[in-house]
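What follows is a set of notes on a single structure, which appears directly below.
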Amino acid sequence: MFLDSDLLMSALRALTPILLAALGGALCERAGVFNIGLEGMMLMGCFTSVATSWFTGSAWLGVLAAALAAAAYSLILAVGAVTLRGDAVVLGIAMNLLAVGLTGFLLRTVFGVQGTFDDPSLAGLPLIGGFTALAYLSWAAVAVAALLLSRHVWGLRLRGVGEAPDAAATLGVSPARYRYGVILLSGVLCGLAGAQLALGNVTLFTENMTAGRGWIAVVAVMLGRAAPLGVLLAALLFGLAEAAGFRLQGLGLPQQATDAAPYVVTLGALFLTTARRRRRPRTTGAVQ
């Protein structure tokens, strides 16, 4: 049977890194910052978690180091886009490219290997009920983010900063401070996503191991309209696509075809969303 509990478990494991990164991107979007540097921050989290876990023997120190490293890396976007008023899209692309080159260089420098680092002594994250603690954290983060954005004064101010920054400033709310805060928070979440990918889903580091998951997280933000529940559903869709790809590979389909499954779903979802948005103004005009 193709659809079974094992497929669902696999989808939920694939969901976690995408969901954590997408929540960070959604918070940035609500503050008026289009963060497409999620891929690069995730990759920095992957390498830092593996390096720290290997040197210290503690996976949890690896998780902490990944969160801190990705948050520090996110300062490139914060300073460039908020303080210097640069283009966030250009900065995000630059961060993604830099992360690929930097982690590849560090892999050779720190471990003396090229391509993949895999060691039996590398400590991975323990499983609780089939999932890591970061998986449960990601699900809880959806509920917390939804409550903050809809009920808490911090979330309401954050939305005000994104929708009308000048008006928010006249009320004594600092747009720059809120944007710095959510960019740093997105770095922390992407670092956790990288740690989950490198120490939870697998226990190794390979060059460019995020393999486009950060970009998929950006699409999840767009599909979910930066709403936590919508982001969760979009991330779950991509998690199911990835799990289905692995299942089809086990049934004999070529690896190249099954690896493309999440990205085909991404393109299809973007196409349908764009088509629906283009149709709406016409419908509204006809009614009026």
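Beyond 25 Å, what share of the Cα-Cα pairs of the range 82-205 is found? Please give it as a whole percent.
Above the 25 Å cut-off, the range 82-205 has 47 percent of its Cα pairs.
May I ask you to give the solvent-accessible area per residue for the chain, in square angstrom, as obtained with a 1.4 angstrom probe?
With all protein chains present, the chain gives 47 Å² per residue.
Normalising by the residue count of the range 5-78, find the relative contact order in percent from Cα pairs under 8 Å and 6+ residues apart.
Averaging sequence separation for qualifying contacts and normalising by length gives 23 percent for the range 5-78.
Within the accessible area of the chain, what % is carbon and sulfur when the probe is 1.4 Å and the other protein chains stay in place?
Carbon and sulfur: 67 percent of the exposed surface of the chain.
In terms of solvent-accessible area of protein heavy atoms at a 1.4 angstrom probe, what is the ranking of Phe131, Phe105, highest value first?
Solvent-accessible surface, decreasing: Phe105, Phe131.
Provide, in order from the shortest bin, the percent of all Cα-Cα pairs of the chain in each 5 Å bin, continuing until the bin that contains the maximum pair distance.
Going from the shortest bin to the longest, the percentages are 1, 6, 12, 16, 17, 17, 13, 9, 5, 3, 1, 0, 0, 0.
The values are calculated or read from the model by the stated rules, or taken from the named source; none is laboratory data. Source: prediction; values computed, not measured. Quick note on the areas: whole protein, heavy atoms, side chains included, nothing else; ligands and nucleic acids left out. Shrake-Rupley method; radii C 1.70, N 1.55, O 1.52, S 1.80 Å.
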